[in-house]
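Novice: Could you have a look at this structure, given as structure tokens, before my questions?
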């Protein structure tokens, strides 16, 4: 259907891009003036207003070319739904979003109260990006929060004359600076793992096809091998999880021993001063 341009609202915070690129708008405008038909834009109607959720460059191209209306895919839903849709817009058509725009949309999702409760894979589906990208942005946000200055401490404790000042409590070392190369290596490792799995699957299929058996037997063998590979992968994940849990336990245990030693020294000094 076609909808008048002046009925469509652009101020619903549904613009997923960093900015409108005039060169791209002019390119689309020239195509329109040459008689080309562009893909419809996506508009959400909440019963009162029409919110543009996908197709801002196409909207401006039609407006600059003198068009009064535009082809739309109309969705009857709330403005909130339009905002959610915009987080993953343009991922499979038109001019794809830049890596920075994708990260910005992921950040908007992670900072949203409702979406912040979802898993990283669910957010990746919403933002039409890789799971690794969501994990990376989430880590950036966590590091930014941990790097914020601490809250003001309470006034120093008054020390009685003749009493020695208590030793300072053990301090937690500051977090290591964020290194984007580390995430890039992890992403490459994940891609390598996926390619290795695909390579193994192709080798299995080729070996099965060469077996002197009928198609039903080959299909059964392929299903069995696939099931065994999934079991192996599941066991490997469990092993990695146990290893991480063990390392985490050892680290927390070491910190607890430091705290116990600190308070033991405090107690001994208090007994001597009494």
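Novice: Going by the structure shown, is residue 44 touching a helix residue (DSSP H, G or I) at 6+ places or on another chain (Cβ under 8 Å), at pLDDT 90 or above and buried (at least 19 other Cβ atoms within 10 Å of the Cβ)?
Specialist: Working: touching a helix residue (DSSP H, G or I) at 6+ places or on another chain (Cβ under 8 Å): yes; at pLDDT 90 or above: yes; buried (at least 19 other Cβ atoms within 10 Å of the Cβ): yes.
Yes: the conditions hold for residue 44.
Novice: Looking at (1) out of contact with any strand residue (DSSP E or B) (no Cβ under 6 Å at 6 or more places or on another chain); (2) closer than 26 Å to residue 7 by Cβ, can you tell me which one residue 112 breaks?
Specialist: Result: residue 112 fails condition (2) only.
Novice: Condition (residue is part of a helix (DSSP H, G or I), in contact (Cβ under 8 Å) with a residue 40 or more places away in the chain and crowded, with 20+ Cβ neighbours inside 10 Å) applied to the stretch 98-120: is it met by at least one residue? Walk me through it before giving the result.
Specialist: At the first step, the residues of the stretch 98-120 found to be part of a helix (DSSP H, G or I) are 99-110, 115-117, 120.
Next cut, in contact (Cβ under 8 Å) with a residue 40 or more places away in the chain only: 100-101, 104-105.
Adding the requirement that they be crowded, with 20+ Cβ neighbours inside 10 Å leaves 105.
The answer is yes; a qualifying residue exists.
Novice: Going through the stretch 40-70 one residue at a time, which ones are closer than 16 Å to residue 83 by Cβ and part of a strand (DSSP E or B)?
Specialist: 41, 42, 43, 44, 45, 50, 51, 52, 53, 54
Novice: Within the stretch 11-31, does at least one residue satisfy the condition of being in a strand (DSSP E or B), in contact with a helix residue (DSSP H, G or I) (Cβ under 7 Å, 6 or more places away or on another chain) and under 24 Å from residue 87 (Cα atoms)? Talk me through it step by step, then tell me what you get.
Specialist: Residues of the stretch 11-31 in a strand (DSSP E or B): none.
There is no residue in the stretch 11-31 that is in a strand (DSSP E or B), in contact with a helix residue (DSSP H, G or I) (Cβ under 7 Å, 6 or more places away or on another chain) and under 24 Å from residue 87 (Cα atoms).
Novice: Then there's this: Go through the stretch 3-40 and give me each residue that's exposed (fewer than 11 other Cβ atoms within 10 Å of the Cβ) and over 24 Å from residue 112 (Cα atoms).
Specialist: Within the stretch 3-40, 6, 23, 34, 35, 36, 37 meet the criteria.
Novice: How about the stretch 101-139: which of its residues are under 26 Å from residue 20 (Cβ atoms) and more than 10 Å from the chain's Cα centre (by Cα)?
Specialist: Of everything in the stretch 101-139, those that are under 26 Å from residue 20 (Cβ atoms) and more than 10 Å from the chain's Cα centre (by Cα) turn out to be 101, 111, 112, 115.
Novice: Also, quick follow-up: Examine the stretch 85-92 for a residue that is touching a helix residue (DSSP H, G or I) at 6+ places or on another chain (Cβ under 7 Å) and not in a helix (DSSP H, G or I), and state whether such a residue exists.
Specialist: Of all residues in the stretch 85-92, those touching a helix residue (DSSP H, G or I) at 6+ places or on another chain (Cβ under 7 Å) come to 87-88.
Among the residues that remain, those that are also not in a helix (DSSP H, G or I) are: 87-88.
Scanning the stretch 85-92 turns up at least one residue that is touching a helix residue (DSSP H, G or I) at 6+ places or on another chain (Cβ under 7 Å) and not in a helix (DSSP H, G or I).
The values are calculated or read from the model by the stated rules, or taken from the named source; none is laboratory data. Please read all numbers here as calculations on a predicted model, not as lab measurements. Note that we place each Cβ from the backbone using ideal geometry, even for glycine, and neighbour counts take in every protein chain shown.
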